[in-house]
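A quick write-up on the structure given underneath.
The values are calculated or read from the model by the stated rules, or taken from the named source; none is laboratory data. Owing to the predicted nature of the structure, the values given are computational and were not obtained by experimental measurement. Don't worry about glycine lacking a Cβ; one is built from the backbone with ideal geometry, like all the others, and counts go over all protein chains shown. Quick note on the areas: whole protein, heavy atoms, side chains included, nothing else; ligands and nucleic acids left out. Shrake-Rupley method; radii C 1.70, N 1.55, O 1.52, S 1.80 Å.
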Amino acid sequence: MKEEIVLRGVVLSEHSLREFDKRLQLLTMERGKMTVWASGAKRPNSPLLAGSRSFVFGKFHLREGKTGYTLRSVEVDAYFEEIAKDLEKACYAAYFLELAELVAQENLEAPQMVELLYLSLKALLHKGLKNDLVRRIFELRMLMLEGEYTEEPPLSSRKSVQDAWHHVLSVPLGRLYTFTLEEGTLLSFSQNVDYLCKESFPKQFQSLRILKSLGA
């Protein structure tokens, strides 16, 4: 049996297996997207219960076997429980994870994508930032990571939109969520990002359908 490995990342999704087990989709800095089995994680007294939920960031201790990876333990850095208490924010956060799960690849390092997810979930909890602005910043930076972006807004030549566009594409990740936009500029910025997303991410996201039904 191979030695235990420790990877840093986030739980993108969780799926029930049998009565007490789970199948997790992780995004890790070191190995990209991974499928991991968490045996007994649904038992009330399981040490894996808290760390095997969506939105959990931390260090994941894994054992590699013949048929895949098994979760041994989790050192949790962040749960983001506050997001789950707000339905609209929870939908935005779920969309971020859905999009990451769509574009991430196995065996391809993803440190920037993991950090982008972490900072974007934190930004959703910032009272001074609109949820839709956080979404559009996240999408544009994700497009950049995937090489699917344009250096200029494809639909608008408004200076305020151009300035926001250049900011998102050029600043370090830690400075992404340091600006706001007035309503008209945000609408135009959103339309430009949406134009690229429809071409690059054609999937119908369940979380976005729920957001639409909420009027968000």
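Observations on the model:
- Note on region 1-142: lysine pairs with Cα distance below 19 Å, sequence gap of 8 or more or different chains, count 16.
- Share antiparallel - DSSP beta bridges, the chain, percent rounded to 5: 95 percent
- Region 93-200: trypsin sites (Lys or Arg not before Pro) in DSSP coil with no more than 10 other Cβ atoms inside 10 Å: LYS127
- Rounded tilt (10° steps) of 87-103 against the dominant C-alpha axis of the chain: 80 degrees
- Largest accessible area first, the residues THR150, THR178 order themselves as THR178, THR150 under a 1.4 Å probe with ligands, DNA and RNA left out.
- Estimated dipole of region 150-216 in Debye, rounded to 20 [Cβ of Lys and Arg +1, of Asp and Glu -1, Cα centre]: 280 debye
- Tail beyond 22 Å, pair distance distribution of the chain (Cα, percent): 52 percent
- Gain in span if fully extended, LEU145 to SER73, counting 0.36 nm per residue against the direct Cα distance: 22.9 nm
- Prolate/oblate/rounded call for region 105-182, Cα gyration tensor, a/c under 1.5 rounded: oblate
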